[in-house]
Amino acid sequence: MAYLFLIPLLITLYLSVQGKEEKAFLYVFLPCLFVLPEYYAIRLPHLPPFSAAEGALLPIGISIALKSVGKWKFRRMDLWVTLFLLSMGASEWFREADVKTGMLLFANSVISLVPAYIVGRRLVEPHLRLKTVKMIVLMILCITPFILFEYRMGQSPWLIIGNSFFRLDTVWSVQMRGGHARIAASFGDTILAGIVFAVVLLLNSWLVFVNKTGRLAQLGGRFSRLEKWHIPGLLLFGFLYLTQSRGPLMSAGVGFLIMCIPRFRNMRIGAFVVGSILLVGGISAYTYFENYTSVSVDKAVDERQSSAIYRRLMIEGYKPVVEAGGLLGYGALDHPTVNGMGSIDNNYLLIQLSQGQLGYYAFLLIVGESGWTVLGYAMRFRRREDVLFAFCMLGILTAIFFSLTTVYMGEQIPLITFFLIGWSQSLQQEGNQSEVLQAVPARFQFKRVLT
């Protein structure tokens, strides 16, 4: 039955051959990415396993890459992404005990992350932006009944279907906290689900503005009416809350503050105000975290506190191991375990262990380049809708990279992250120059003089 997961690949392959990559992206890849779990996967002989979403993405990425020959405009991010993937390959080749398995893992990363980055760079901007954002929001809204079932029954419907119909034999249980289920939806983990809900919630906030301009009605009056009553936003916030994941909740708050910057009459003042709030909030949160985790695990009052204490002990315990790992680390499958702390709930620490300092600093360059590039777009754009979207993308990337301090980058998160990274490098203004100039408020015209 697992061969059914090949169907998305065959559909996108057919559409890509027909030159309909946009249709394959919108109506096959995005539904697979946000509706079907990563463990809905198949492994063909002599090939690494791939999920339905990864299979759907591969033909689109190859087709776009072939069409981009001679048209690709080099950006620094291309170098940092390449360096990050090469560091992964070097670690698996030179440091992994089981080199064959390690290289299969590396191959799986390449055939999923590279197409995601290419599609983000070349396919979406500017004419597919609105359709892409709307489709992503709609896909999360479509799984509302499944989410409510998971919360009420304490069981994952995706797991029930997978084991009953596809014979996946996947075993994990829904986490409980405070007597209630922590929903993971189709994303395999509560914190990972929280990251996805935070990202989609921020995207929907941009749609709320677009709906006020009347443009959203062009894509469907029913969806426009839902946005008018803020139903998608309320549902998305509710889903985020039901994950009971503090990291994504705080990251969503940070993202919203960043999106508030262009709402100020002077964006420099807005940046100063938001930056000051984030600085004070960050210092306060750090002080609270230090006090909250200063007690021993046996004195924790609940599971939330013991989880926070575990993360602090994990970082402290793995410091000497990271230093001994050197430039290439230990490989993704063979890094040492300290004091039984096998769950590495910090993606930056996990990269240091598996890929060493080379991979770690390459990932930090990706993080920094993402913010710098999007901020540059935000300062250059003249059309208000484009400026708001640039700050929306900045808030989304900040939310993801902040949340990764509390969880590993697993399930669909790598695909989503590298797709968004590629997308962030290719933002463009919509409309012709006359439309842009007419759409600019006076406060943004003054900003252009300063820059």
Wholly within the range 91-204, helices (runs of 4 or more DSSP H) carrying at least 1 residues that are at pLDDT 95 or above: 99-122, 129-142, 144-153
Filter result for the condition that a residue is more than 30 Å from SER426 (Cα to Cα) and surrounded by fewer than 18 Cβ atoms within 10 Å (Cβ to Cβ), over ILE344, ILE309, ILE315: ILE315
Exclusive hit being under 30 Å from ILE261 (Cβ atoms) and in contact with a Pro (Cβ under 9 Å, 6 or more places away or on another chain), set ALA324, ALA378: ALA378
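One line per residue, one yes/no per condition, for (1) in contact (Cβ under 8 Å) with a residue 40 or more places away in the chain; (2) over 16 Å from PHE401 (Cα atoms):
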| residue | (1), (2) |
| --- | --- |
| VAL321 | no, yes |
| ASP334 | yes, yes |
| VAL338 | no, yes |
| TYR348 | yes, no |
| TYR360 | no, no |
| LEU365 | yes, no |
| GLY368 | no, no |
Flag for GLN352 being out of contact with any helix residue (DSSP H, G or I) (no Cβ under 7 Å at 6 or more places or on another chain), in a helix (DSSP H, G or I) and farther than 24 Å from ARG129 by Cα: no
Looking only at the range 16-35, and only at residues there that are aliphatic (A, V, I, L, M) and crowded, with 22+ Cβ neighbours inside 10 Å, the one that is nearest to SER63 (Cα to Cα): ALA24
Selected residue [out of contact with any Leu (no Cβ under 9 Å at 6 or more places or on another chain), in the same structural domain as LEU397 (by TED's automatic domain parsing), β-branched (Val, Ile, Thr) and in a helix (DSSP H, G or I)] from ILE283, ILE277, ILE315: ILE283
Hits in the range 150-169 - residues which are crowded, with 16+ Cβ neighbours inside 10 Å and under 25 Å from the mean Cα position of the chain (by Cα): GLU150, TYR151, SER156, PRO157, TRP158, LEU159, GLY162
Contacts under 8 angstrom Cβ, first residue in the range 384-403 being on the phi < 0 side of the Ramachandran plot and basic (Lys, Arg), partner in a helix (DSSP H, G or I) and surrounded by fewer than 24 Cβ atoms within 10 Å (Cβ to Cβ), 6 or more apart: ARG384/PRO262; ARG384/PHE444
Flag if SER284 is closer than 26 Å to GLY371 by Cα, out of contact with any Ser or Thr (no Cβ under 6 Å at 6 or more places or on another chain), among the small types (Gly, Ala, Ser) and at pLDDT 90 or above: yes
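The values are calculated or read from the model by the stated rules, or taken from the named source; none is laboratory data. Here the structure is a predicted model, which means the values were calculated and not measured. No Cβ is skipped: glycine too gets one built from the backbone with ideal geometry, and neighbour counts run over all protein chains shown.
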